[in-house]
2 protein chains.
Amino acid sequence: MKTESIEYQDGTVTLRGFLAYDDTKSDLRPGILVMPGGFGLGANAKQRAEMLARLGYVALVGDPYGNGIEINDLQEVMQAVSALREDLAKFRQRAQVALDKLTSLPQVDPRRLAAIGYCLGGTFALELARGGAPLTGVVTFHGGLETQRPAGLGQVKAKILVCTGADDPSVPVAHVNAFADEMTKAGVDWHIISYGGTAHGFTYPDAESRGIPWIAYSKLADERSWQAMRSFFEEIFAAA
Amino acid sequence: MKTESIEYQDGTVTLRGFLAYDDTKSDLRPGILVMPGGFGLGANAKQRAEMLARLGYVALVGDPYGNGIEINDLQEVMQAVSALREDLAKFRQRAQVALDKLTSLPQVDPRRLAAIGYCLGGTFALELARGGAPLTGVVTFHGGLETQRPAGLGQVKAKILVCTGADDPSVPVAHVNAFADEMTKAGVDWHIISYGGTAHGFTYPDAESRGIPWIAYSKLADERSWQAMRSFFEEIFAAA
């Protein structure tokens, strides 16, 4: 497997993503954009890209902040996320340039694209979908579901799978229900999996070490949601 | 594959189930109880049993009414379901005798049991779980989630997967949320998949022919929920 740092631009901001793919193959493969959470481009997202590459996909981890930085302090994360989300058009653009970079890669079949995201990255992926990006699918893991600009009827091209923890205080039932309504009104093919007894950050094996009480790893929900994503990708890329 | 009609008793009522298994194998296999919906023991449930047998399970379709009868008239179905559900202990017993029959079969590993159910059959499967039946897992498809006797803490041995249609008028969001609360309080390992744009009866290929406006087949939700069940069984029986 080949992994490498890969640079691209969002206006004047230089972003540094992480690419993973099987370099022993020469066929065009589906490209998966992986958008990390508010902590930035860290080990968890890189590991997901490598797991996707082993499944036969070309995976690019998008860089939310620039220079591939990680943020460890929760206050700083909150500030950085707020700054990013202030302007929805710019927020969508930050994910769009990563998707454009992925689409441009010679290994990627531009007709078979998906975006997955964790926490803030889930919101990135959903905003790409709401904006009409040419994605076959979107999968979010403990991703934020709220938006300033709900999708209009027929705008969303992606099929959507949301994986969420029932005890995630940042994604309460009210958000889940509002999202379901939004997607139904927009005519989207969607399904939502709610995992019982599961907190925010359930895919982060290092969640405990961050010392944030409402973030907790769940091996069960992590493995189940990954399996759900795999089945979903097999379905949507077989049909594409 | 071997299929056969199989008789068992609930008190004075003679029930006639449908058994399916691979008779070229001699090892002990997980046993899956399949509880059909309010239309009774018909072609849909039998087909599920055969699909489960092809996956390597021993599948018994339980008979809700006796003599393996089917009911086609919706009014009659409503009456028959009401009569069954009047007494919760008897209702649970109707599923328990089917589970007992399955457990007694020489091909079945009594430590690896699950129950799945459709519509009313989903309620049967959940009531078995609430009553503490020795099930490794329960999966419901457009099943009724309400109960007269919510599960107490630690009572439920089964891990539970609920597959439900977001547009199913018989399983509104309020029922889903109440069920999630019940299961969380009872300490159950649960997850719920909600399928967008999906009505009641989404696994019934013959739904349209029944002329009931709130029942509709969905190939997508049918195939996705079946795949979710398969992944769930692989997980729980590997760990059991």
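The values are calculated or read from the model by the stated rules, or taken from the named source; none is laboratory data. Since the structure is predicted, the reported quantities are computational estimates derived from the model, not experimental observations. In this analysis, Cβ positions are derived from the backbone assuming ideal geometry, glycine residues included, and neighbour counts consider all displayed protein chains. Each accessible area value is taken on the protein alone, full model and side chains, heavy atoms only, with ligands, DNA and RNA left out. Shrake-Rupley method; radii C 1.70, N 1.55, O 1.52, S 1.80 Å.
In chain B, the calculated helix contribution to ellipticity at 222 nm averages -11500 deg cm²/dmol per residue, counting -39,500 (n - 2.57) for every DSSP H run with n ≥ 4.
Taking amide H atoms as placed 1.01 Å from N in the peptide plane, the amide H of B:Arg29 lies under 5 Å from those of B:Val108, B:Asp109, each 5 or more residues away in sequence or on another chain.
Taking 0.36 nm per residue of sequence separation and removing the Cα-Cα distance, the B:Met51/B:Leu88 pair yields an extension gain of 10.3 nm. Report note on the peptides A:228-235, A:192-199, B:79-86: ranked by the mean count of other C-beta atoms within 10 Å, highest first, their order is A:192-199, A:228-235, B:79-86.
Taking amide hydrogens as placed 1.01 Å from N in the peptide plane, the amide H of B:Tyr57 sits under 5 Å from that of no residue at least 5 positions away in sequence or on another chain. The listed peptides A:24-36, B:97-109, A:52-64, ordered by packing as a protection proxy, come out as A:52-64, A:24-36, B:97-109 (highest mean of other Cβ atoms within 10 Å first). Geometric descriptor of the stretch A:172-240, per residue, is 105 Å³ (volume of the convex hull of the Cα atoms). Each residue of the stretch A:179-186 is assigned a 3J(HN,Hα), and the resulting list reads 4, 4, 4, 4, 5, 5, 5, 7 Hz, derived from the Karplus form 6.51 cos²θ - 1.76 cosθ + 1.60 (θ = phi - 60°), x at Gly and Pro.
Leaving ligands and nucleic acids aside, the A/B contact buries around 1500 square angstrom of accessible area in total at a 1.4 Å probe radius. Among residues other than A:Ala199 with Cβ under 9 Å from its Cβ, the summed charge is -2 (Lys and Arg +1, Asp and Glu -1). Per residue, the convex hull spanned by the Cα atoms of the stretch A:31-108 amounts to 77 cubic angstrom. By a straight-distance test (C-alpha under 18 Å), which aspartates and glutamates pair with A:Lys46 as possible cross-link partners, with residues fewer than eight away in the same chain excluded? Result set, ordered by chain and number: A:Glu4, A:Glu7, A:Asp22, A:Asp23, A:Asp63, A:Glu70, A:Asp206, A:Asp222, A:Glu223. Computed over the protein assembly as shown, the percent of Cα pairs more than 33 Å apart is 40. Note on A:Glu50: accessible area approximately 60 square angstrom, rounded to 10, probe 1.4 Å, nucleic acids and ligands left out. I'd like the Kirkwood hydrodynamic radius of the stretch A:1-145, using the inverse of the mean 1/r over distinct C-alpha pairs, in Å. When all Cα pairs of the stretch A:1-145 are included, the Kirkwood radius is 14.7 Å.
Computed from backbone phi, the HN-Hα couplings of the stretch A:223-235 come to 5, 5, 5, 5, 4, 4, 4, 4, 4, 4, 4, 4, 5 Hz, rounded to whole numbers (Karplus: 6.51 cos²θ - 1.76 cosθ + 1.60, θ = phi - 60°; Gly and Pro given as x).
Shown for the stretch B:180-223: residues covered by the partner protein chains by 30 Å² or more of accessible area relative to the chain by itself (probe radius 1.4 Å), namely B:Asp189, B:Trp190, B:His191, B:Ile192, B:Ile193, B:Ser194, B:Gly196, B:Leu220. Sequentially through the stretch B:4-16, phi angles give Karplus couplings (6.51, -1.76, 1.60; θ = phi - 60°) of 7, 7, 9, 9, 8, 10, 10, x, 8, 8, 8, 9, 10 Hz, Gly and Pro residues having no value and appearing as x. Say a paramagnetic label sat at a point 7 Å from the Cα of A:Thr12, along Cα to Cβ; which residues of the stretch A:52-85 have their backbone N under 15 Å from it? Under cut-off, by backbone N: nothing.
Normalised by 2.2 N^0.38 Å, where N is the number of residues, the alpha-carbon radius of gyration of the stretch B:86-193 equals 1.02.
With a threshold of 27 Å on the Cα-Cα distance, the over-threshold entries among A:Lys185/B:Lys157; A:Lys25/A:Lys157; A:Lys25/A:Lys101; A:Lys157/B:Lys185; A:Lys2/A:Lys159 are A:Lys185/B:Lys157; A:Lys25/A:Lys157; A:Lys157/B:Lys185; A:Lys2/A:Lys159.
Each distinct pair of alpha carbons in the stretch A:152-191 adds a 1/r term; the inverse of their mean, the Kirkwood radius, is 10.8 Å. Roughly speaking, to the nearest percent, how much of the protein assembly as shown's 1.4 Å accessible area is carbon and sulfur? So the carbon and sulfur contribution to the accessible surface is 50 percent. Between the stretch A:38-90 and the stretch A:142-196, what is the separation of their alpha carbon centroids in Å? The distance from the Cα centre of the stretch A:38-90 to that of the stretch A:142-196 comes to 20 Å. Taking R0 as 30 Å, what FRET efficiency do you get between A:Ser104 and B:Ala238 from their Cβ-Cβ distance, rounded to the nearest 0.05? Calculated transfer efficiency: 0.15.
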